[in-house]
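K.L.:
This is the structure I have questions about; it appears just below.
The values are calculated or read from the model by the stated rules, or taken from the named source; none is laboratory data. All of these numbers come straight from a predicted model, not from anything done at the bench. Reconstructed Cβ throughout: ideal geometry from the backbone, glycine too, with neighbour counts over all protein chains shown. The protein model used for the area step is the full one, side chains on, heavy atoms only, and it has no ligands, DNA or RNA in it. Shrake-Rupley method; radii C 1.70, N 1.55, O 1.52, S 1.80 Å.
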Amino acid sequence: MIIQKTENSRISAFDPNNFSFGNTFIDHMIICEYDNGKWGDVKLVPYGPLMFTPAMMGVNYGQACFEGMKAYKDKDGQVFLFRPEKNFERINKSAKRLAMPQVTEEMFLDGLKALVDIDRDWIPQGEGMSLYIRPLIFATEEALKARVSNKYMFAIVATPAKSYYTEPVSVKISDHYSRAANGGVGFAKAAGNYAASFYPTQLAIEEGYEQIIWTDDATHEYFEESGTMNVFVRINDTIYTPPTSEKILDGVTRDSFIQLAKKRGIEVKIEPIKVKDVIEAQKNGSLKEVWGVGTAVVTTVFQALGYNGEKLQLPRLSEEESYAESLKRDLVNIQSNLSEDPFGWRVQVDHVLETV
């Protein structure tokens, strides 16, 4: 790895109590270029703009994918990643579907650890605080030709993070727009998936909702995801979540929630969720909770579902009554080193760059 430390650190101007998530970037980034059929050297360099033109193929033809993950700092200043091997596996799954070169484990994990290590002072401490990390791959060849690019960049950037949603939100069950289709790229974290979701979400916001529950493209009879999150439904004391597929992202937080719920002895059914069954459960009082999970949000509890012109209210449970909140607490405690980690999910980041 080639390391170029910044001579102008901005850490002294960073206020961990007053910053903007997604707009505040740490001092360094990882970059690695692909050309002539192979990846070059991984470089840790000062964060900043790169030289590209509007003819860059990633912009014109959409060959771009990314991951979302976090680093956490405990009360003693130790730094941890959470299940980074899952993100490594998934970014390569996305890259393969988009006909892009896959990255090596060394590029991904060593680059990740080096970046988090050198900028560990940027990781805020405290409840709900973390460093959000964005590994990405995108086409960089300068050519207006609708074909697979010959040049790419792998990069990792990061931004300090705090709680995303602090209050329950209202979501609209989609009866027209779909996030993904069979044979498409719904299982990949393709950049275009997010672009396509913005307009329907904007329409839902205009109707008084914060997010959308996406339904299947063929019939709109089944739950798939919610916004940029995997979705969970609790009817009585059973949790339901749709199985992953070529339309549904294999979320790391989703998998963690499932394992934590089973450890608590909660029944989890991974099966298709019919919209009509959820609505019927809301009407008869057996629908206890609906929530979304994802890296950035961890958990977002829904307070109402929009369906057929109605806004159907959901129960407001205490933290002790709520499966969503109690499982979130279990997960955050593991991530933040506040509890034992029986699954081996926590990966400590050592001071590997102290002498650089």
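K.L.:
Would you mind telling me which residue in Val233, Val157, Val148 has the biggest mean-square fluctuation in a Gaussian network model of the chain, where springs connect alpha carbons within a distance under 10 angstrom?
P.N.:
Val148
K.L.:
Please give the per residue accessible area of region 11-141, computed with a probe of 1.4 Å over protein heavy atoms only, in Å².
P.N.:
On a per-residue basis, region 11-141 sits at 45 Å².
K.L.:
Just the ratio, please: alpha-carbon radius of gyration of the chain over 2.2 N^0.38 Å, N its number of residues.
P.N.:
Scaled against compact globular proteins, the figure is 1.02.
K.L.:
Charges at C-beta only: +1 for Lys and Arg, -1 for Asp and Glu. How large is the resulting dipole of region 98-165 about its Cα centre, in Debye rounded to 20?
P.N.:
340
K.L.:
Additional query: Could you identify which residue out of Pro243, Pro84, Pro342 has the top mean-square fluctuation in a GNM of the chain using Cα springs shorter than 10 Å?
P.N.:
Pro342
K.L.:
Once you charge only the Cβ atoms, +1 for Lys and Arg and -1 for Asp and Glu, what is the size of the charge dipole of the chain about its Cα centre, to the nearest 20 debye?
P.N.:
460
K.L.:
Okay, next question. Let's test the formula: R0 of 35 Å, r as the Cβ-Cβ distance of Ala196 and Leu144. What FRET efficiency results, to the nearest 0.05?
P.N.:
About 0.95, to the nearest 0.05.
K.L.:
Another question about this same structure. Let me cross-check Phe25: its accessible surface, 1.4 Å probe, with only protein heavy atoms counted, in Å² to the nearest 10?
P.N.:
60
K.L.:
Quote the accessible area belonging to Leu98 in square angstrom, nearest 10, computed with a 1.4 Å probe and with ligands, DNA and RNA left uncounted.
P.N.:
The accessible area of Leu98 comes to roughly 30 Å².
K.L.:
Counting only protein heavy atoms and a 1.4 Å probe, tell me what percentage of region 146-199's accessible area is made up of carbon and sulfur.
P.N.:
56
K.L.:
Would you mind pulling out the separation of the Cα centroids of region 1-76 and region 87-136, in Å?
P.N.:
Cα centroid of region 1-76 versus Cα centroid of region 87-136: 10 Å apart.
K.L.:
In addition: So for Met1, Met129, what's the accessible-area order with a 1.4 Å probe, most first?
P.N.:
Correct descending sequence by accessible area is Met1, Met129.
K.L.:
Still on this structure, please answer the following. Ordering Arg120, Arg97 by how much accessible area each has at a 1.4 Å probe, largest first, what is the list?
P.N.:
Arg97, Arg120
K.L.:
Let me ask another. Of the residues Lys43, Lys189, Lys263, which exhibits the maximal mean-square fluctuation in a Gaussian network model of the chain defined by a 10 Å Cα contact cut-off?
P.N.:
Judging by the Gaussian network model, the answer is Lys263.
K.L.:
Right, here's the next one. Hey, any idea what % of region 1-101's accessible area is carbon plus sulfur with a 1.4 Å probe?
P.N.:
Ligands and nucleic acids excluded, carbon and sulfur give 49 percent.
K.L.:
With every protein chain left in place and a probe of 1.4 Å, what is the accessible surface of His351, to the nearest 10 Å²?
P.N.:
Here the residue's solvent-accessible area equals roughly 100 Å².
K.L.:
Can you tell which of Tyr61, Ile30, Trp122 lies farthest toward the positive end of the dipole of region 29-174, using +1 and -1 charges on the Cβ of basic and acidic side chains (Lys, Arg; Asp, Glu)?
P.N.:
Value: Tyr61.
K.L.:
Which order do you get for Glu127, Glu167 if you rank them by accessible area with a 1.4 Å probe, largest at the top?
P.N.:
Solvent-accessible surface, decreasing: Glu127, Glu167.
K.L.:
Quote the FRET efficiency, to the nearest 0.05, computed for Ser339 versus Phe52 with a Förster distance R0 of 45 Å and r equal to the Cβ-Cβ distance.
P.N.:
Approximately 0.55, to the nearest 0.05.
K.L.:
For the charge dipole of region 298-356, defined by +1 on Lys and Arg C-beta atoms and -1 on Asp and Glu C-beta atoms about the Cα centroid, which residue among Trp345, Val301, Ser322 has the Cα displaced farthest towards the positive pole?
P.N.:
Most positive-ward Cα: Val301.
K.L.:
Net charge around Val275, counting only other residues with Cβ within less than 10 Å of its Cβ (Lys, Arg = +1; Asp, Glu = -1)?
P.N.:
Taking every Cβ under 10 Å from that of Val275, the sum is -3.
K.L.:
Using alpha-carbon pairs under 8 Å, 6+ residues apart, how would you state the relative contact order of region 195-327 in percent?
P.N.:
Relative contact order comes out at 21 percent.
K.L.:
While we're looking at this one, here's another question. Here are some pairs, Lys43/Lys162; Lys43/Lys93; Lys96/Lys269; which of them have Cα atoms lying more than 26 Å apart in this structure?
P.N.:
The pairs that break the limit, which is 26 Å between Cα atoms, are Lys43/Lys162; Lys96/Lys269.
K.L.:
Using unit Cβ charges (K, R positive; D, E negative) and no other charged atoms, how large, in debye to the nearest 20, is the dipole of region 1-126 about its Cα centre?
P.N.:
Dipole about the Cα centre, nearest 20: 440 debye.
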